[in-house]
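Every read-out reported here was derived from the displayed coordinates using simple, explicitly stated rules and does not represent laboratory data. In this text the structure is predicted, and so the values were computed from the model without any measurement. Here the Cβ is made from the backbone with ideal geometry for all residues, glycine too, and neighbour counts use every protein chain on show.
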Amino acid sequence: MNSNMDKATLKAERKAEFKEWLDFQKKELVKNVNIVKQLVLRSIKVQYRNSVIGVFWTILNPLLNMLVMYLVFSSMFAGRGTTPVEQATYPLHLLCGNIVFGMMRNATVQSLPSIVQNRGLLTKNKMSYNVFPLSYSLSAVVNFGFSFIALLGVMLVVWIQGQAVFSLNIFLVFIGLPALFLFCYGLSLLLSAMYTFFRDINHFYNVFLTLWMYLTPIFYTINMFDGGGAAGAMMKTVIRLNPMYYYVEYFRDVVYRCSAHAAAIESMEAANEVVSASMIEAASLPGFGETATLYLIGLATLLIGATIFMGTKRKFIYNI
């Protein structure tokens, strides 16, 4: 009996502590909202300071990266493990993967040293430490928006060439984007806290990002490993353990892939042609399970990052 009462009391105390923590976070967010706005604007301006075309680099940069990747990888990967529609829309495959992975990379690389680099502001002003990782994560979202303009331009070119890539599915981006932001912000909190104590993590993380990029299907597809035996199966397992795989694939599906395949299937059925299972699968929009996976990954990463950040922030002042 006493044991049950103790558990109930403990549960009530934890619930009260969690509610108190949430109330505190809301107050902190309201208090620092103007600071975050200014930091986001500063982050965007600093990126393109002394640049001739300024913020237009956010549009031009993903296009140039896509062009380089297309020239290097199109002959090797454009037709491997893909449907005919995916071969025809390979530039979109590259660009979608590039801007989604780029959002994560920009948020985390800028957030990594943010606590240490802003030691002056932190020591002279009473402000929350987490405003810096938050502002860099938000500025990455802004850059994603500009890069999306470049994606729409390439979609227009592909559409003119005869691929039905435009549809209302594209608005589902706004469902997946918050989940990607949560993932980026959680990772930013974790990395910025670790950098405060271990400066060498900056070098390790840059190397890790290169490996991470190659393990994310940006210029290839996971179906490329079909029929590869044990080695192929192992590679597919490794890729599926990569959180960015799910974000990249979701954005490709809702932006262009499902609509392009649905239109191709309609044309094939009208011509009495056989529709393959891979075509039908590629035309299927992400369901609740796929979308929930994005948010579970994002929330889990945010929980881990916030726990470590909040648990170590009292020692930041002695290490910055």
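Summary of computed values
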| read-out | value |
| --- | --- |
| Förster radius 41 Å - calculated FRET efficiency between T9 and L296 (Cβ-Cβ, nearest 0.05) | 0.85 |
| For region 42-201, convex hull of alpha carbons as volume per residue, Å³ | 150 |
| Volume of the Cα convex hull of the chain, divided per residue and given in Å³ | 195 |
| Kirkwood Rh and Cα Rg combined as Rg/Rh, region 259-320 | 1.47 |
| Cα-based convex hull, region 58-139, per residue volume (Å³, whole number) | 114 |
| On Cα atoms only, tilt of 131-160 relative to the major axis of the chain in degrees | 10 |
| Rounded tilt (10° steps) of 2-47 against the dominant C-alpha axis of the chain | 70 |
| Theoretical FRET efficiency, 1/(1+(r/R0)^6), r = Cβ-Cβ of L241 and Y318, R0 45 Å, to 0.05 | 0.80 |
| Nearest-ten-degree value, helix 173-197 long axis tilted from longest Cα axis of the chain | 50 |
| FRET efficiency for I201 and A230, using Cβ-Cβ distance with R0 set to 56 Å, rounded to 0.05 | 0.95 |
| Mean ellipticity per residue at 222 nm, deg cm²/dmol - from DSSP H runs of n ≥ 4 across the chain, formula -39500 (n - 2.57) | -25000 deg cm²/dmol |
| For the chain, built as a Gaussian network whose Cα springs stay under 10 Å, the top-fluctuating residue of I239, I149, I160 | I160 |
| Sorted peptide list for 281-292, 92-103, 258-269, criterion being average Cβ within 10 angstrom, highest first | 92-103, 258-269, 281-292 |
| Inter-site label distance for V157 and V46 at 7 Å from Cα along Cβ, in nm | 3.3 |
